[in-house]
Structure formats: structure tokens, C-alpha cells
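S.K.: What follows is a structure written as C-alpha cells; I'll ask about it next.
Laboratory data are not the source of any read-out in this text; all were calculated from the coordinates shown. Everything numeric here is computed off the predicted structure, so don't read it as measured data. Virtual Cβ from ideal backbone geometry, glycine too; neighbours counted across all protein chains shown.
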Amino acid sequence: MEPITAVNPATDETVETYEPATAADVEDALARADEAYDSWRDRPIREREAHLERVAELLRERTDEYAELMTREMGKPIAQARAEVEKCAWGCDHYAQHASAYLSAEHYASPPGTTAKTVYDPLGVVLAVMPWNFPFWQVIRFAAPYLTAGNVGVLKHASNVPGCALALEQLFRDAGYPEGVFQSVLAPSDLVDDIVADDRVQAATLTGSGPAGRAVASTAGDQLKKTVLELGGSDPFVVLEDADLEAAAERGAWARNQNGGQSCIAAKRFVVVDDVYDAFVDRLVDETEALTVGDPLDPSTDVGPQASPRFLETLHEQVTASVEAGATVLTGGEPLDRDGAYYPPTVLADVPANCPADTEELFGPVASVYRVADEDEAVAVANDTPFGLGASVWTTDRARGESLAREIDAGCVYVNQLVKSDPRVPFGGVGDSGYGRELSAIGIQEFVNRKTVWVE
């Protein structure tokens, strides 16, 4: 079996090499997880919350260490990597403070002398298949609620961030979690189906591509196991004629290009009403060109490399095909002539129907801009996608924005703000963007047995 090699996408240098997990290693991990669950499920929830508080403390103590690890393995600009670690700590704080309330029994009206309530019991071993683009946050937003609910977790992380995967396992161990409650297995993708199908695994959550999600969902469905899927997105960014154009352009450029544009919830399709189209696009191009592309270890860098040369190649193929179909490049559009997998922040206009920039998720710093006549056409274009993860609407009329949000088919819609995940509110998509919800009370209740208890 080939070793797993973490490669710095900014320098093409090897960061570290790891031995992949074998089928026997996976078996050992599942056995440990199953054994750990027998006792972890019975720990008082306040004890589980205390462990999570310690995770938050360690995250803050190790911010620089973890941020640099992310940056070296997948190219995230260091300032954004530090912010990701801090967000992880915040997510842990949230569930350490609120898990007890989220999982408290719900009582119902019942006949005299009886008690009827719903309690929330853990399910068991949960498999998490997680992506590389937010290598700490994606894991924490699964682990913080599900472990605190009494489940145990097995992480199959993306193959290009093995160091992050092992650091996360050590983090939970250092926070005092018992052996087997949280494990990382550096397993190849071809072992995932076997893990999902294993009788000891009770549920699975995946953040990733549509094909990967369908594969996990299919195997889990055959076994009647619960899944939560957060898949791709082609998020619309709707700008109405009464929008604050300066704010919309500034936030829009950031929403498209943060993390090198490698985000499912990044603004990807800018849908702009004709009355303000030219003015907005001029501002968007200016804001895009003002972003600093450079060494991800430099705190002043806004946009680092793509996570691998292969991802850059795929992105450029999509841009090239879109331009050949008739799209116009307003800025960017060619890989940068420098070492590393660098693609410049790019804006495409006149995007024709059915080209890659119109129908596919461009997982990199490329914005597609659409001119529409009015609000009705804006909604039609926003909904003209199989995806439905996030959307944002820009208008100075808050009531209008809220009304329009109800017309857009997405799991979350932000008015005058970029789309983001927040531990206080549910997060997830519809359509080809997946199903189920993470975060908030709804998230922690996804992988529990909502058990009705009736006592006479």
C-alpha cells in the first residue's frame, strides 16, 4: 500500500509521510470504539461537557501550532487558519454550555397519573468522512455535538491532511477523553463502504462531493443507518437595485475568495439586477484585484494556493471551457507564473447557459456574474441550479430581503451578510447539496434516539 504523503501546495515540498491504515487497523479502531461506547454513553452529560471545555482550552493554547499545520498541508492563509482554530474553540464552548439544555427531556400532556416524555439517547459509533478545505472546523462541528451527546466518533479525514487528522485525535486524547471515544483512521477511500456497513457503526456523516455522498448514503441506506450529508454548493449572491453596492462588493469579493475560494458555501454566482449591474461589477472587480495573493504563511496574504496542482488544473479546465463557450474574463483567468498551485481571483461575465461556470461547482476563486432584469428574474436564476446550500441577498430593505429569502431554494439564506456556519443556528442544504442539519440544537439531535418514555 502506497504511503500517504502530505505536500505543501505553496512549495510542492513534502511535509510528512504516513503509513495508511490497513483493514486490520480499521478493525482494531472499530473494536476500540465499540468498547468505549459502552461506558462513554453512561457518563453524566456534565462530565462530557467538561471534556469539551478542555478541548476549547487546548485549541486556544495551540492556535499557532494547528494553524501552521493547516497552512502547510492545504495552503490556507495563516490568518484564516488561526481564525478557523478560534472558531473551533467557539463551537466547543457552545456545546459545552448548551448540550444539556439541547438534550433535556421534552415532556408532554398525558392522562392523570402518567408521565410522557421524549429522551435523547446516543446511537453508538458514528463515522465521519471529512474534507480538507476546513480541516479542523469540519471535524469539530461533528465531534463537539455528537460526542457530547454520548456517541463515539471515528474520523476518516481527507488524504491530503493526515497531519491534521492525527493532531485532532491527539487533541481529544489530551483533553481527557477515554481511549476509543475519538479516533482518526488514515484509511483509503476504498475502505469507507466496509466501515459504513460494519454492524458496530450506527450512523455516518459526510461533507464532500456529490458522488462520495451518494456512495455513503447508498451503503448506509442498505443497512438502514442514519446519515447527514453536506455536499457541494453553487451559492447565489443576489444584488438588488437598492443594495449598498460598496458593502455588497467588498463582502462579495471576500465571500468568493476566502480560503482560496475552496468552500461549499462560497458565493459563486453573482446575480445582479440590471439597474446596478455595471456599477456593482466595477466595484467587485476592484475589490477582487485588491486581494493579496501570496505565501500562505504571510499574515498579509488573502488568497493562497489551491490545495493541490490537480485541483488547480481542474479549475482552469472549467474556466477555459466556459470562456470558449462565450464567457468574458474581467480579471484573472490564468494560473499564476510562480511556484505553487496558485490561481488568481477571477471574475467571469456573460456566462452562457450550460457551460461549466454555469452548471458546475467551481471550487476555487472564480466568480460568475449574471445580469438580470428584476427581482423575479433574480430569483429564477438563483434557483436555476441542482444545488441548494446557501444564498445571500443584498438590499437596504430588510423586510424585502426577508421576503425574498423565503423564495430561494437553499438550506440557509443570509440578508446583507455572506453565508457562514454558526454553532447557534442549523446548517445544511437541500437538493444536490445534501440533507440533514449540523450545529444548534437540531444538529446535536441528528444522531440520537428520540425515545418516547410513557410511565403509568
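S.K.: Mean residue ellipticity at 222 nm from the helices of the chain, using -39,500 (n - 2.57) per DSSP H segment of n ≥ 4 over the full residue count, to the nearest 500 deg cm²/dmol? Walk me through the numbers before you get to the answer.
M.R.: On the way: 15 runs with 187 residues, N = 456.
The per-residue figure over the chain is -13000 deg cm²/dmol.
S.K.: Determine the dipole magnitude for the range 290-339: charges of +1 sit on the beta-carbon of Lys and Arg, -1 on that of Asp and Glu, nothing else is charged, the reference point is the Cα centre, and the result goes in debye to the nearest 20. Working shown, then result.
M.R.: Working: 2 positive and 9 negative charges, 25 e Å.
Using Cβ point charges on Lys, Arg, Asp and Glu, the range 290-339 gives about 120 debye.
S.K.: Suppose R0 equals 45 Å; then what is the FRET efficiency for ASP339 and GLU27 from their Cβ-Cβ distance, rounded to the nearest 0.05?
M.R.: Values: r = 42 Å, r/R0 = 0.93.
The calculated FRET efficiency here is 0.60.
S.K.: Then there is this: Classify the range 1-117 as rounded, prolate or oblate, taking a ≥ b ≥ c as the square roots of the eigenvalues of its Cα gyration tensor: rounded when a/c is under 1.5, otherwise prolate if a/b is larger than b/c and oblate if not.
M.R.: Values: a/c = 3.36, a/b = 1.74, b/c = 1.93.
The shape class here is oblate.
S.K.: Explain nothing, just compute: Karplus ³J(HN,Hα) = 6.51 cos²θ - 1.76 cosθ + 1.60, θ = phi - 60°, for every residue of the range 179-194 in order, whole Hz, x for Gly and Pro.
M.R.: Running phi through 6.51 cos²θ - 1.76 cosθ + 1.60 with θ = phi - 60° gives 3, x, 6, 9, 10, 10, 10, 7, 8, x, 4, 6, 9, 4, 4, 5 Hz.
S.K.: Ranked highest first by the average count of other Cβ atoms within 10 Å around their residues, in what order do 336-344, 128-136 fall? Numbers along the way, then the final one.
M.R.: Working: 336-344: 17.3, 128-136: 25.1.
Ranked by mean Cβ neighbours within 10 Å, highest first: 128-136, 336-344.
S.K.: Using a/c under 1.5 as the rounded threshold, could you call the range 256-321 rounded, prolate or oblate? The axes a ≥ b ≥ c are square roots of the C-alpha gyration tensor eigenvalues, and prolate needs a/b larger than b/c, oblate otherwise. Let's see the in-between values first.
M.R.: Details: a/c = 2.37, a/b = 1.43, b/c = 1.66.
Oblate shape, in that a/c is at least 1.5 and b/c is the bigger or equal ratio.
S.K.: So how do TRP454, TRP90 line up by other beta-carbon neighbours within 10 Å, fewest first? Show your work: numbers first, answer last.
M.R.: Numbers: TRP454 10, TRP90 17.
In order of increasing Cβ crowding within 10 Å: TRP454, TRP90.
S.K.: Rounded to the nearest 0.05, what FRET efficiency do GLU13 and ALA290 have when you use their Cβ-Cβ distance and R0 = 25 Å? Mind dumping the intermediate values first?
M.R.: On the way: r = 30 Å, r/R0 = 1.18.
Between GLU13 and ALA290 the formula returns 0.25.
S.K.: Gain in length, THR452 to GLU324, computed as 0.36 nm per residue apart minus the alpha-carbon separation, to one decimal in nm? All intermediate terms of the calculation are to be shown ahead of the outcome.
M.R.: Details: separation 128, 0.36 × 128 = 46.08 nm, distance 5.93 nm.
In short, 40.2 nm is gained.
S.K.: If the cut-off is a Cα-Cα distance under 25 Å, which lysines reach LYS156, setting aside same-chain residues fewer than 8 apart in sequence?
M.R.: In chain and number order, the partners are LYS76, LYS87, LYS225, LYS226, LYS420.
S.K.: Is the range 111-233 best put as rounded, prolate or oblate by its Cα gyration tensor, with a ≥ b ≥ c the root eigenvalues, rounded for a/c under 1.5, and otherwise prolate when a/b is larger than b/c, oblate when not? Each step should come with its number before you reach the end.
M.R.: Values: a/c = 2.01, a/b = 1.37, b/c = 1.47.
Oblate shape, in that a/c is at least 1.5 and b/c is the bigger or equal ratio.
S.K.: Let me ask another. Using a 7 Å offset from Cα along Cα-Cβ at ARG398, what residues in the range 243-274 end up with backbone N under 19 Å from the label point?
M.R.: From the range 243-274, the list is 243-245, 247-248.
S.K.: How much length would be gained if the chain were fully extended between GLU250 and ALA79, taking 0.36 nm per residue of separation minus their Cα-Cα distance, in nm to one decimal?
M.R.: Numbers: separation 171, 0.36 × 171 = 61.56 nm, distance 1.83 nm.
Result: 59.7 nm gained on full extension.
S.K.: Need one number: nm distance between label points at GLU407 and ILE442, each 7 Å from Cα along Cα→Cβ, rounded to one decimal.
M.R.: Distance between label points: 2.3 nm.
S.K.: Express the C-alpha Rg of the range 235-415 as a ratio against the empirical globular expectation 2.2 N^0.38 Å, rounded to two decimals.
M.R.: Working: Rg = 15.5 Å, N = 181, 2.2 N^0.38 = 15.9 Å.
Taking the Cα Rg and dividing by 2.2 N^0.38 Å, one obtains 0.98.
S.K.: For an R0 of 56 angstrom, estimate the FRET efficiency from the Cβ-Cβ distance between ALA109 and GLU2 and round to the nearest 0.05. Walk me through the numbers on the way to the answer.
M.R.: Working: r = 61 Å, r/R0 = 1.09.
Computed FRET efficiency for ALA109 and GLU2 comes out at 0.35.
S.K.: Roughly speaking, what is the stretch gain from SER100 to GLU377, that is 0.36 nm per residue apart minus the C-alpha to C-alpha distance, in nm to one decimal? Before the final figure, lay out each step's value.
M.R.: Numbers: separation 277, 0.36 × 277 = 99.72 nm, distance 4.55 nm.
Gain in length upon complete extension: 95.2 nm.
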